[in-house]
Amino acid sequence: MTFGHNGGGTNGHLAIRMLAKQAGVEPNEISYRGTAAQRTDVLGGHLDIGMVSLSEVPELDGTNKGELQAIAILSKARSPSLQGVSTAEEAGVPIVMTAERGFALPKGAPDDVARRLEGAIAESLSDPEYVMSSPGDAPVLAFMPGAEWQKRLDDMTKALQPLATELAEPK
């Protein structure tokens with residue numbers, strides 16, 4: 001089976017490697033330059049499985065009966081927009097890999113600028129009108145203050161470092 005991902009070191013690539021290690025198999029990986037090409041190849045029958053983020057695939061429409069079908073969610077909980085799709089852990093494969101997005105400022109940016117931006121983002125993400133205008137992203141919109149998110153990123157980096165080291169070693 002062929003597994004597509006958005007390039008070496010991306011969350012999709014790391015998720016495939018984690019799944020392969022858990023299952024004790026060596027997947028046939030294909031690196032893409034984005035989700036659009038993966039989606040096209042899955043729809044065209046040239047790729048068996050695409051490792052994509054839910055919000056990047058409009059065909060996954062809540063019914064999971066469109067042109068593409070989700071087979072597992074790599075999060076701790078089911079997606080509110082695809083309740084019928086099991087998490088990988090529920091399917092017997094304890095793998096969690098999120099596709100987090102955030103805002104960043106250059107080092108040395110004034111603290112008051114960071115606080116104002118953080119406040120504006122938190123306010124936007126709690127505005128029901130904004131959330132409703134972002135239907136594809138609404139199930140995953142969340143806010144974490146900068147320091148809290150930095151700790152989460154540091155923890156994720158620490159957890160993924162052994163896999164990154166393994167991937168960097170010549171075979």
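The values are calculated or read from the model by the stated rules, or taken from the named source; none is laboratory data. For clarity, every value in this text was computed on a predicted model and none was experimentally measured. Virtual Cβ from ideal backbone geometry, glycine too; neighbours counted across all protein chains shown.
I'd like the residue in region 1-30 that is part of a loop (DSSP other than H, G, I, E, B) and touching a helix residue (DSSP H, G or I) at 6+ places or on another chain (Cβ under 6 Å) and, out of all such residues, is nearest to residue 94 (Cα to Cα).
Keep residues of region 1-30 that are part of a loop (DSSP other than H, G, I, E, B), which gives 1, 6-10, 24-27.
When the remaining residues are screened for being touching a helix residue (DSSP H, G or I) at 6+ places or on another chain (Cβ under 6 Å), the result is 6, 27.
Details: 6: 22, 27: 18 Å.
This residue is 27.
Is one or more of the residues making up region 90-112 surrounded by 14 or more Cβ atoms within 10 Å (Cβ to Cβ), in contact with a Pro (Cβ under 9 Å, 6 or more places away or on another chain), within 25 Å of residue 52 (Cβ to Cβ) and in contact (Cβ under 8 Å) with a residue 12 or more places away in the chain?
no
Here is a list of conditions, (1) surrounded by fewer than 17 Cβ atoms within 10 Å (Cβ to Cβ); (2) at pLDDT 85 or above, and residue 50 meets all of them except one; can you say which number that is?
Residue 50 satisfies every listed condition except (1).
Might you check whether a residue that is among the acidic types (Asp, Glu) and either under 28 Å from residue 148 (Cβ atoms) or part of a loop (DSSP other than H, G, I, E, B) (or both) occurs anywhere in region 33-45?
no
Among the residues of region 74-126, count how many are part of a helix (DSSP H, G or I), in the same structural domain as residue 146 (by TED's automatic domain parsing) and not polar (S, T, N, Q).
Counting residues in region 74-126 that are part of a helix (DSSP H, G or I), in the same structural domain as residue 146 (by TED's automatic domain parsing) and not polar (S, T, N, Q) gives 14.
Which residue is surrounded by the fewest Cβ atoms within 10 Å (Cβ to Cβ), if the candidates are limited to region 152-171 and must be in contact with a helix residue (DSSP H, G or I) (Cβ under 9 Å, 6 or more places away or on another chain) and under 19 Å from residue 101 (Cβ atoms)?
157
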